[in-house]
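Chemist: What follows is a structure written as structure tokens; I'll ask about it next.
Just so it is clear, none of the values below were taken in a lab; they were calculated from the coordinates. These numbers come from a predicted model, not from an experiment. In this analysis, Cβ positions are derived from the backbone assuming ideal geometry, glycine residues included, and neighbour counts consider all displayed protein chains.
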Ligand code: PMT
């Protein structure tokens, strides 16, 4: 999938730099041309000679090196790249890129390039959580940079938390999916997606709902539109902008969402159920506002229809059907159970017990399962994740 893609791997000085040899090997295996720029600090963790050997290209590490400039100057390098991947991206290099500082070769090339930029943050968890780093990342994201990671876990310094560079294969997948999602790969495809929460009315002014913001579903819808699909977006009430070119059906309740989904799904090639649908609704909806009276109150609820299961059960014009699973424990077991019970082609599980991801967060991570396969899409902002998921769905959908 990376044939002839020019990837400029920009390595800054973190311990995860030692993984860049493996990362380069895997990118090249998939057909990419890889050139490497390194900061001086990066050379403390992996040698230019190693990176030269695995990339099969000279490594650039000095802005003022006449020989290197004569071969492929920094401006040429900046123009050559189809993607610049900064991995590992230390707190320092993220700050310098954000500030537009060009005080070494790596930051100069980035400033001189209009190539898409992806950063794989890697640092101590407290440095990552620091407001300055978060502001820098938020700013770079606003300018269109992709932020891949960081992963959670035990760190080289002994701390535990967010700050690990994603594994080389995860970065390779994100790179592949990035290039795939940008190529009009869904031209001619109609995709219907549910997003946001449902509201189950109790009376004219009250309802039962959940914390879904619609961000995940809207990001997938936007990625599908970017990839060329015609997109029906069935949305619960949210407070975020609608993706341009989406054909939107606004709904309140699960019953309304069910009716819209069952009408649009048979006309679709792919159906994705990302909405957080209420499993139950109140049996009685009061015509007038319920008055305060007794100290306790009992609400009798009845089961809502399962929208994604009913779409998957269509016998005619059944679309490729993708569900989500919001879990707080035993994520894989429960997600696979839902995939079987609801007869889905694919399920995307998110762990909604973790802070900073899932409901109403800007980032998410997904464990995606289908018959005979699985793929982990690591923590990243929902826009990137949407692209990655669209490419993954397409890779499986074509095989059905
Ligand atoms: O909207 P955000 O703030 O960005 O948050 C994103 C999200 C956390 C809501 C999203 O990533 C997610 O997990 N969506 C599914 C939430 C959910 O309801 O999960 P579930 O495990 O309860 O349901 C499993 C699947 O069945 C889902 O595809 C759901 O849409 C579907 N379902 C559930 C009940 C029902 N009556 N009909 C359905 O179609």
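Chemist: Quick one: compute the contact order of the stretch 246-316, relative version, from alpha carbon pairs under 8 angstrom and 6+ residues apart, as a percent.
Modeler: Relative contact order here is 43 percent.
Chemist: Give or take rounding to whole Å, what are the principal axis extents of the alpha carbon atoms in the stretch 167-268, in descending order?
Modeler: Its Cα atoms span 51, 34, 21 Å along the three principal axes.
Chemist: At 7 Å along the Cα-to-beta-carbon direction for both residue 245 and residue 112, put a label point, then send me their distance in nm to one decimal.
Modeler: In this crude label model, residue 245 to residue 112 measures out at 3.4 nm.
Chemist: Under the rule of -39500 (n - 2.57) per DSSP H run of 4 or more residues, summed and divided by the residues of the chain, what mean residue ellipticity at 222 nm is obtained, to the nearest 500 deg cm²/dmol?
Modeler: -10000 deg cm²/dmol
Chemist: Is the shape of the stretch 70-177 rounded, prolate or oblate, going by the alpha carbon gyration tensor and its root eigenvalues a ≥ b ≥ c, with a/c under 1.5 for rounded and a/b larger than b/c for prolate?
Modeler: Judged from the Cα gyration tensor, the stretch 70-177 comes out prolate (a/c at least 1.5, a/b above b/c).
Chemist: Further, regarding this structure: With everything on Cα atoms, drop me the angle between helix 382-397 and the longest principal axis of the chain, reported from 0 to 90° to the nearest 10.
Modeler: Between the helix axis and the principal axis of the chain, the angle is about 80 degrees.
Chemist: While we're looking at this one, here's another question. Expressed as a rounded percentage, what relative contact order does the stretch 1-158 have, with Cα pairs under 8 Å and six or more residues apart?
Modeler: Over the stretch 1-158, the number comes to 23 percent.
Chemist: What's the exposure ranking of 280, 218, going from fewest to most Cβ atoms within 10 Å?
Modeler: Result, fewest neighbours first: 280, 218.
Chemist: Where does the stretch 184-397 land on Rg/Rh, using Cα atoms and the Kirkwood Rh?
Modeler: 0.98
Chemist: Considering the stretch 1-148, what Rg and Dmax in Å follow from its alpha-carbon atoms?
Modeler: Computed over the Cα atoms of the stretch 1-148, radius of gyration and Dmax are 14.2, 42 Å.
Chemist: Right, next: Taking a spot 7 Å from the Cα of residue 211 along the direction of its beta carbon, which residues of the stretch 340-378 have an amide N less than 12 Å from it?
Modeler: Within reach of a label on residue 211: 352-362.
Chemist: Does the stretch 267-370 classify as rounded, prolate or oblate by the C-alpha gyration tensor (a ≥ b ≥ c root eigenvalues; a/c under 1.5 gives rounded; else a/b over b/c gives prolate, otherwise oblate)?
Modeler: oblate
Chemist: Also: Helix 131-142 against the longest principal axis of the chain: what's the angle in degrees, Cα atoms only, rounded to the nearest 10?
Modeler: Once rounded, one gets 80 degrees.
Chemist: Considering the chain as a Gaussian network with a 10 Å cut-off on Cα pairs, which listed residue, 339, 38, 376, attains the greatest mean-square fluctuation?
Modeler: Judging by the Gaussian network model, the answer is 376.
Chemist: When ranked by the protection proxy of mean other Cβ atoms within 10 Å per residue, highest first, what sequence do the peptides 107-117, 152-162 form?
Modeler: Top of the packing list down: 107-117, 152-162.
Chemist: Using the count of nearby Cβ atoms within 10 Å as a rough guide to exposure, how do 370, 148, 80 rank from fewest to most?
Modeler: 80, 370, 148
Chemist: Oh, and also: What is the mean projected area of the alpha carbon convex hull for the chain, to one decimal in square nanometres?
Modeler: 22.1
Chemist: Using only the alpha-carbon atoms, how far is helix 331-341 inclined from the longest principal axis of the chain? Give it as 0 to 90 degrees, nearest 10.
Modeler: 50
Chemist: Given the options 164, 25, 206, which has the most mean-square fluctuation in a GNM of the chain, springs set between C-alpha atoms less than 10 angstrom apart?
Modeler: Taking springs between Cα atoms under 10 Å, the residue moving most is 206.
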